[in-house]
Structures are given as C-alpha cells and as structure tokens.
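Q: What follows is a structure written as structure tokens; I'll ask about it next.
The values are calculated or read from the model by the stated rules, or taken from the named source; none is laboratory data. Just so it is clear, the model here is predicted, and its values are computed rather than measured. With ideal geometry, Cβ positions are generated from the backbone for all residues, glycine too; neighbour counts draw on all protein chains shown.
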Amino acid sequence: MVMSMTGFGRAEMSLNTRDIIVEIKSVNHRFFEFSCRTTRGYSFLEDKLKKYIGAQVARGKVDMFVSITENDDSAVEVELNRPLASGYVNAMRTLAEEYRINDDVSVSTVSRFSDIFQIHRPPQDEEAVFADVKVAVDEALAHFIAMRRSEGEKLREDILRRAETIIGIVGEIEERSPVTVKEYRDRLFSKLSEVLQSTNIDEQRILTEAAIFADKVAVDEETVRLRSHFDQMKQFLDSDVPVGRKLDFIVQEMNREANTIGSKVTDSALAHKVVDIKGEIEKIREQVQNIE
C-alpha cells in the first residue's frame, strides 16, 4: 500500500513510575532523516530510537519528541552548593548596602538561582527505560503510520485518476494522428494542382512525400511506451514496499515521451492535447514527491 511521507502520531502513558509522552511527525524528504528531542538526561535513547524508527520508515524527515517524568522520588537526592549559594547571598546584600535599597533576600529569592542545587539520581537502567519508552513509541507510531497510509491512499487515487485522463488523451492522439497524414496528402495534392494548373500530377510522388511525412510525425512508439509506463505505475501503486523513487523515475520517462510527441505533432489540435498530457504529468509528479 502506498504511504505518504507526511504523518503525525502521539501517545501518552504511565509505565513503571514513569510518565511518558511521545510525539512523532514527518514531512517530505529525499531520504530518511531523523532528529529526536528527549528530556534532559535521556539522550542515550536517541540512537536507539533512530535505528528503531529507521527500520519502519523508509523516507521522510522525521522529528520525534520524548518527554519522561520520573515519579519515584525516593532515590532522588538534592544537594545544596553552599559556596555558590553564599556567593549569591553576599552579592545581593552588598548590592543592598551600596545602593541603599531594601535587603529583602529570602529563601525564595535565592532558590531562583537553580544552579545552587545539584540533583543526583541513581544510574539509569537504559534497557529498562528504552523498553518503557518503546511501548509509547509503538502506540504513537501506529497512529503515525495510519495517517501516512490514509494520506497515501488519497495520493494513489488522485494519481490513478489523472493517469486515466492521460490514457484517454493518448487514445485521442492515436486516433487523430493518421488523419493528419491524410490531410497533409490532400493539401499537398491541392497545392501542386494549383501550381501546375493540371491534373496530370505524379500521384506516386505525392504518396512518397506523404509516407515520409507520416514517418516523421509517427508517435506510435511513444504512445506505446507511455501506456507501458502507466502500467508500471499502477503496479508500483499496488505494491507493499516503498516506491516513491521508482515512481519519480517513471514520471521523468513519461514526461520525456510527452515531449517527444509534442516535437512531432504538427496539428494544432494534437498540440493542445500534448499540453494537456504534460499538465497532468506535472500534477502527478507533484503528488509522487509526497510518496514514501
């Protein structure tokens, strides 16, 4: 199933005295790019999460946020940095004396300087923490993938709809192309008749010129290849593996065939149809840029 590169997922839960919040979002990118922000002290999770997410997401710029709050305070020790606290207190009292302002130094005032406190926690069991975080990540990832899958299905439907439009126009070109050769032959005969003022015209020469013209403006090979590209595109759109890069290549080939057809047609009606084809291919290209 086609997956979009745009998605969002969130999970919030409590596990083993930990409150965990995970958010994951992604936007388009040529390759897989991952960045992660974690609560201070849990940066060891970032590499583990990159590998874990990278195994399930092929392309896209993925941003993840992981918040962890420990609810077990029994093992937490807060130590006062006495020299630093004394320095703050003495500095504020000196300030009060020299500038003759009220000395209202209090505990709440000094405690605003957070660097006077040093927090000591026991060493983290990294595997245990990751196991808990992974549970929340899996839930957020499920929402994230579901959104990417839903968006991908919309992209698939739009691309197929435009592909059918193009195939319809290709059919009109294939039907109209032989008519342009006949019209060329008739114009050539008419002009020669007018110039020579005679009906005694070498019809074989006219047929030869018409054949040369037909060969120059023949678009059979291009339309056959264009149809083949669309068949490949449909197969990729029904695939269960990431196909964004393959689709991007096919769209380039489709555009190449359309340009060749455009360079061959001499009929204004066909030229307009080629413009319509190229317009639809460009819209498909824009949609393909969103596919994983």
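Q: Suppose we keep only residues that are surrounded by 10 or more Cβ atoms within 10 Å (Cβ to Cβ) and part of a loop (DSSP other than H, G, I, E, B) within segment 70-100. Which one would you say is modelled with the highest pLDDT?
A: Among residues in segment 70-100 that are surrounded by 10 or more Cβ atoms within 10 Å (Cβ to Cβ) and part of a loop (DSSP other than H, G, I, E, B), the one modelled with the highest pLDDT is N81.
Q: Right, something else. Of (1) in contact with a Ser or Thr (Cβ under 9 Å, 6 or more places away or on another chain); (2) within 12 Å of A136 (Cβ to Cβ); (3) not basic (K, R), I24 satisfies all except one. Which?
A: Checking I24 against (1) in contact with a Ser or Thr (Cβ under 9 Å, 6 or more places away or on another chain); (2) within 12 Å of A136 (Cβ to Cβ); (3) not basic (K, R), the one that fails is (1).
Q: Which one of these is among the aliphatic types (A, V, I, L, M), modelled with pLDDT of 90 or more and in a helix (DSSP H, G or I): A128, A58?
A: Result of the check over A128, A58: A128.
Q: Given the criteria assigned to a helix (DSSP H, G or I) and surrounded by fewer than 16 Cβ atoms within 10 Å (Cβ to Cβ), does D248 qualify?
A: Numbers: assigned to a helix (DSSP H, G or I): yes; surrounded by fewer than 16 Cβ atoms within 10 Å (Cβ to Cβ): yes.
Answer is yes for this residue.
Q: Mind counting the residues in segment 127-161 that are among the basic types (K, R) and under 17 Å from the mean Cα position of the chain (by Cα)?
A: 4
Q: Within segment 45-64, identify whether any single residue is among the polar types (S, T, N, Q) and more than 21 Å from F130 (Cβ to Cβ), and answer yes or no.
A: no
Q: Then there is this: Residues in segment 43-50: is at least one part of a helix (DSSP H, G or I) and of a type in the set (F, W, Y)?
A: no
Q: Now a separate question. Only one of these conditions is not met by G60: (1) closer than 30 Å to Q287 by Cβ; (2) surrounded by fewer than 15 Cβ atoms within 10 Å (Cβ to Cβ); (3) not basic (K, R). Which number is it?
A: Failed condition: (2).
Q: Could you grab the pairs with beta carbons closer than 9 Å, sequence gap of 6+ or different chains, first residue in segment 146-172 and closer than 17 Å to K283 by Cα and of a type in the set (G, A, S), second one modelled with pLDDT of 95 or more and assigned to a helix (DSSP H, G or I)?
A: A163/E280; A163/I284
Q: If the Cβ limit is 8 Å and pairs must be 6+ apart or interchain, which residue in segment 102-120 that is touching a residue at least 24 places away in the same chain (Cβ under 8 Å) and in a loop (DSSP other than H, G, I, E, B) pairs with which residue that is hydrophobic (A, V, I, L, M, F, W, C) and surrounded by 10 or more Cβ atoms within 10 Å (Cβ to Cβ)?
A: Listed by first residue and then by second, the contacts come to F113/L84; F113/A85.
Q: Ok, one more. Within segment 3-31, which residues are part of a strand (DSSP E or B), crowded, with 17+ Cβ neighbours inside 10 Å and either modelled with pLDDT of 95 or more or within 23 Å of the chain's Cα centre (by Cα) (or both)? Walk me through how you get there before you give the answer.
A: Start the filter on segment 3-31 by keeping residues that are part of a strand (DSSP E or B), which leaves 4, 7-15, 18-27.
Within this subset, residues satisfying the condition of being crowded, with 17+ Cβ neighbours inside 10 Å are 4, 7, 9, 11, 18, 20, 22-26.
Within segment 3-31, S4, G7, G9, A11, I20, V22, E23, I24, K25, S26 qualify.
Q: Sticking with this structure for a sec: Return yes when S67 is among the hydroxyl-bearing types (S, T, Y) and either assigned to a strand (DSSP E or B) or within 27 Å of R37 (Cα to Cα) (or both) and no when it is not.
A: yes
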